Amino acid sequence: TRRIVYGNPGRGSLQDYPEIHRDYTALELTLQKIQTGPFNYFASYVYSKNQGNYPGLFNADRNQKRPNADLFFNKLDAILNYLPKFEGLLPNDRTHVFKLSGWYNFPFGLNAGAFILWQSGTPLNEFGGLYPVQPWQILLVPRGSAGRTPSVFDLSLRFTYQFAGIFEQFINTRLVLDIFHIGSQRTPVNYEQVHFFNRDINGNQINPNPNYGLASRYYPPMSVRLGFEVGF
């Protein structure tokens, strides 16, 4: 029989489940110069750690797009039998993130700006099968301990030119040029993490996934956008 229960894990009708938690700790350092002068900048560095047993409303462990549909919490035996592996680094854990943005206003209407990003990779998991037939996954190693995605470097530029004319007190016009992800190497940002789809009656993992370990998503390629803005 199938029964639908509403509640919080670890309490009431769901007291057999472990309580969900997500612990984020971070140290952030910032340096900025935002004044009336032509050159301004903002820089930040974040050292952080995100761990627990609950990725959030959307299960980024398995790229689930439905909110509040964490497959692990739908099956009690998927948790209790593998509880030591249930805790660990969560999918959006990035140990180091560095950002730098700056812009310069030239006296003849041109503005040039840049954005630089460097961030370390995110944790990976190794999933296996829970049942002989049903495609239900469990963690084969502690959460977030199956390696990391590569670090990412990104550089983007923006140039704007403000047109001056007889009607500038009534209408503002400017030309905008954006150049995104300059020199992008299409770095992998996620991999297929399901190693096995099922396990046999003896507990052995079977039906391996031929795509395990292959990149499933990449950083965006370089792109250019040219626009014209009119403001009243």
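Checking [x] -0.76, -1.08; [y] -0.49, -0.81; [z] -0.75, -0.98 against log10 I(q)/I(0) by the Debye sum over Cα atoms at q = 0.11, 0.14 Å⁻¹ calculated from these atoms, the matching label is [z].
Where Lys and Arg each count +1 and Asp and Glu each count -1, what net charge lies around ARG94 among other residues with Cβ under 11 Å from its Cβ? Value of the local net charge: +1. Here the Gaussian network model covers the chain, with springs between Cα atoms less than 10 Å apart; of GLY121, GLY12, GLY144, GLY12 fluctuates the most. For TRP136, the amide hydrogen comes within under 5 Å of the amide hydrogens of LEU130, TYR131, counting only partners 5 or more places away or on other chains and with H modelled in the peptide plane. Amide H contacts for GLY10 (H built 1.01 Å from N in the peptide plane; partners 5 or more residues away or on another chain; cut-off under 5 Å): GLN15, ASP16, TYR17. Partners of LYS99 within straight-line reach, counting lysines whose Cα lies under 21 Å from its Cα and excluding those fewer than 8 residues away in the same chain: LYS33, LYS49. In the chain, taking the dipole from charged Cβ atoms about the Cα centre, the farthest positive-side position among LEU14, ALA26, PRO132 is held by PRO132.
Computed 3J(HN,Hα) for region 95-102, one whole-Hz value per residue from the Karplus formula 6.51 cos²θ - 1.76 cosθ + 1.60 where θ = phi - 60°, is 5, 10, 9, 10, 10, 9, 10, x, glycine and proline marked x.
Exposed loop positions in the chain were taken to be trypsin sites (Lys or Arg not before Pro) whose DSSP state is not H, G, I, E or B and which have at most 13 other beta-carbon atoms within 10 angstrom. Between these positions, the longest stretch is 66-185.
Phi-derived couplings, Karplus 6.51 cos²θ - 1.76 cosθ + 1.60 at θ = phi - 60°, listed residue by residue for region 175-187: 9, 10, 10, 10, 10, 9, 6, 5, x, 4, 9, 6, 4 Hz, with x used for Gly and Pro.
When the helices of the chain are scored as -39500 (n - 2.57) per DSSP H run of n ≥ 4 and the total is divided over every residue, the value at 222 nm lands at -500 deg cm²/dmol.
Each value in this text was obtained by applying a stated rule to the coordinates, not by laboratory testing. All figures in this text were calculated on a predicted structure; none of them were measured in a lab. As a convention, Cβ positions derive from the backbone with ideal geometry for all residues, glycine included, and neighbour counts pool all protein chains shown.
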